[in-house]
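Read the figures in this text as sums done on the coordinates, not as results from a lab. Just so it is clear, the structure is predicted and the values come from calculations on it, not from any experiment. With ideal geometry, Cβ positions are generated from the backbone for all residues, glycine too; neighbour counts draw on all protein chains shown.
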Amino acid sequence: MTSVLWTFLIFSFMAPALNTQPELILEIQNVEVAEGTLRIGVFDKPGAFPNDDAVLAGYYFKVTQTGTIQISLRDLPFGDYAIAFHHDVNDDGKLDKNFFGVPTEPYTFSNNPSAKWRQPRFEEARFSFKEDKQILS
């Protein structure tokens, strides 16, 4: 009887630790328009980034405010990732571009890489998700 009670107590104290999932909080700043959809692509392979066809996980969030938006992701395991963000203001499902191919809708990447005339490489946008609660801004 005593061993059953001890086993129950041990697992009771461990239960909260077993149920916690790591949380990656994405902080998107300078949102200027409170409409449309924020499209987020998470990549874990250098050759795939930032092509839509090879996205590891895709997320879509309706934009209802301006300023800073925080989004919590709880379904990613620890690892190295690169993220592409696109604010699809007109909700047409694509990144709109002008005649020269320059994007006309807001977009960015994790780590804010300084690639101006080309898409950033995975290594430039890569970050390590390794904490139980980690903020990426």
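Being of a type outside the set (V, I, T) and touching a strand residue (DSSP E or B) at 6+ places or on another chain (Cβ under 6 Å) is a property that K94 lacks.
Filtered by the rule that a residue be more than 20 Å from D80 (Cα to Cα) and exposed (fewer than 10 other Cβ atoms within 10 Å of the Cβ), segment 105-123 gives K116, W117, R118. Those strands (runs of 3 or more DSSP E) of segment 19-89 in which at least 3 residues are surrounded by 16 or more Cβ atoms within 10 Å (Cβ to Cβ) and in contact with a helix residue (DSSP H, G or I) (Cβ under 8 Å, 6 or more places away or on another chain), considering only elements entirely within it, cover 79-88.
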